[in-house]
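Let me begin by presenting the structure, written as structure tokens, before commenting on it.
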Amino acid sequence: MGVLFGIANQIVLALIAAGLVTLMVWGYVMAWRRLRTASGQRFPTVTEPWLMLPLTTQFSVLFVAVALGVALPILGVSLACFVVIDALRSIKKRYTARRLNAHQ
């Protein structure tokens, strides 16, 4: 990383990497806060807004996500993990809601 121009280049590249990581974390925090206030739940899942999208938009987003996953395998694996975790959270949420309704 930055061997050609010495330590100054390495410091600049490290600051850029730290800035990118900060922006990614900040983006996730803003998205979670927005979803939480929109749905009124503590930890909403991404599945709920996904199901509200029109079918053509869902297929378009799915096509782009698969294309990016094939072109960029590391992104594809992390996206697949995110989708699986969110689907499991959604299933657990529905199961818990049914269980609570059954006891009332």
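Keeping all protein chains in place and using 1.4 angstrom, which order do Thr47, Thr56 fall into by accessible surface area, from largest down? All intermediate terms of the calculation are to be shown ahead of the outcome.
On the way: Thr47 30, Thr56 105 Å².
Highest to lowest solvent-accessible surface, that is Thr56, Thr47.
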Inset, instruction - Could you work out the relative contact order of the chain, using alpha carbon pairs under 8 angstrom and six or more residues apart, expressed as a whole percent? - result: 16
Inset, instruction - Report Ile91's accessible area, 1.4 Å probe, all protein chains in place, as a number in Å² to the nearest 10. - result: 100
Legend entry - Label-point gap, in nm, between Val25 and Leu72 - each point 7 angstrom along Cα→Cβ: 2.0
Legend entry - Solvent exposure, largest accessible area first (probe 1.4 Å, DNA, RNA and ligands not counted), of Arg99, Arg89: Arg99, Arg89
Legend entry - D_trans [Stokes-Einstein, Kirkwood Rh over alpha-carbon pairs] for the chain, 20 °C, 1.002 mPa s, µm² s⁻¹: 125
Inset, instruction - Compute the FRET efficiency between Leu88 and Ala14 as 1/(1 + (r/R0)^6), taking r as their Cβ-Cβ distance and R0 = 25 Å, and round to the nearest 0.05. - result: 0.10
Legend entry - Helix-derived mean residue ellipticity, 222 nm - over the chain, DSSP H n ≥ 4, -39500 (n - 2.57), to 500: -29500 deg cm²/dmol
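The values are calculated or read from the model by the stated rules, or taken from the named source; none is laboratory data. Since the structure is predicted, the reported quantities are computational estimates derived from the model, not experimental observations. Cβ atoms come from the backbone with ideal geometry, glycine included; neighbour counts cover every protein chain shown. We work out accessible area using only protein heavy atoms, side chains counted, and drop any ligands, DNA or RNA first. Shrake-Rupley method; radii C 1.70, N 1.55, O 1.52, S 1.80 Å.
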